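The values are calculated or read from the model by the stated rules, or taken from the named source; none is laboratory data. Just so it is clear, the model here is predicted, and its values are computed rather than measured. Please note: Cβ atoms are built from the backbone with ideal geometry, for glycine as well, and neighbour counts cover all protein chains shown.
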Amino acid sequence: MLPLVALVGRPNVGKSTLFNALTRTRDALVHDEPGVTRDRHYGVCRPEGQRPFAIVDTGGMAGVDEGLAGATARQARSAAEEADLVLFVVDGREGASALDDEILAWLRKTARPTLLVVNKTDGLDARQAINDFARYGIRDAIAVSSAHRQGIDELLAEVYSRL
Ligand code: GDP
Ligand code: MG
């Protein structure tokens, strides 16, 4: 079985865009409207010369109106609980939000190894974008721009050091 990496984060932070960047597909539809994504949830990341890993985008499973309490959100939860590594994706442009706090709180309960991925940092100071999330106390953080494929190789290196 392939190692499993789960993408977790509130709607519209760019999980589907990151999924596409990692799987090099456009299978996960990216929408401008939060919560309307009809994603293909599972994919395989096969970087050249590296062993493949499975990736699950939990985003389409969590109903936007349900927050983390709804029935479909349970699927997102179990995907994260089964993952070898969770990529907690946040929006570097908007900074930390109440929903991010909520997601982090249950991520902590899953006790899965977690890497903070600060997305949408194109045109931003990467270090500053990461600093905005410093209060989350996640030591392992990386700034990326999924839409522009910036930081993806660095992200992959971080992922492989944890699988
Ligand atoms: P999801 O709801 O977390 O799956 O988010 P999506 O992948 O559907 O992206 C939501 C919106 O953010 C879309 O309009 C994307 O084009 C945009 N987006 C995603 N990644 C980036 C990025 O790296 N930079 C910028 N500027 N926009 C992004
Ligand atoms: Mg999505």
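The requirement of being under 15 Å from T58 (Cβ atoms), buried (at least 16 other Cβ atoms within 10 Å of the Cβ) and of a type in the set (G, A, S) is fulfilled somewhere in segment 83-94, by at least one residue. Residues that are in contact with an Asp or Glu (Cβ under 7 Å, 6 or more places away or on another chain), modelled with pLDDT of 95 or more, surrounded by fewer than 16 Cβ atoms within 10 Å (Cβ to Cβ) and closer than 27 Å to R24 by Cβ do not occur anywhere in segment 129-146.
Within segment 45-62, the presence of at least one residue that is modelled with pLDDT under 70, out of contact with any Gly (no Cβ under 7 Å at 6 or more places or on another chain) and either more than 10 Å from ligand 2 (Cβ to nearest atom) or in a helix (DSSP H, G or I) (or both) is confirmed. For segment 89-136, residues that are in contact (Cβ under 8 Å) with a residue 12 or more places away in the chain and under 20 Å from E158 (Cβ atoms) total 28.
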